[in-house]
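Have a look at the structure below, then the notes.
The values are calculated or read from the model by the stated rules, or taken from the named source; none is laboratory data. Quantities reported herein were computed from a predicted structural model and do not represent experimental measurements. Cβ coordinates were reconstructed from backbone atoms using ideal geometry, including for glycine residues, and neighbour counts include every protein chain displayed. For accessibility, only protein heavy atoms count, side chains too; no ligands or nucleic acids. Shrake-Rupley method; radii C 1.70, N 1.55, O 1.52, S 1.80 Å.
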Amino acid sequence: MSTGLSSAAAVASLVTEFNAYLDRDNANPTSDAVGYRQHGVWLNQDELIALISELRAAIAPRLTNPATPDRTRYLLSPILFPSEDPTTDTD
């Protein structure tokens, strides 16, 4: 099963949303706490399952927050996938 198209579409959607944010007159990445983080973590299957569960537990309760005048809508787009060890020379 190829996920290339769906992955490209997901990334394109993120880029579109972020560019729309940056195009706003009042966009201020610093005060809006805009961030992108990428961390390489070594996990076994049990640790991976626990991490996913912990992330869900932290995020899920906030998904039902109603829109209010004091709230700003943020997009949260966790992406998790296995990667090669960057310290391994594959040449």
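Remarks
- Qualifying positions in the range 1-54 - modelled with pLDDT under 90, open to solvent by 100 Å² or more (accessible area, probe 1.4 Å) and over 23 Å from Tyr74 (Cβ atoms): Met1, Ser2, Leu5
- Filtered residues of the range 59-78 (kept if touching a residue at least 24 places away in the same chain (Cβ under 8 Å) and in contact with a helix residue (DSSP H, G or I) (Cβ under 8 Å, 6 or more places away or on another chain)): Leu75, Ser77
- Inclusion of Pro69 among residues that are open to solvent by less than 90 Å² (accessible area, probe 1.4 Å) and not in a helix (DSSP H, G or I) is not warranted.
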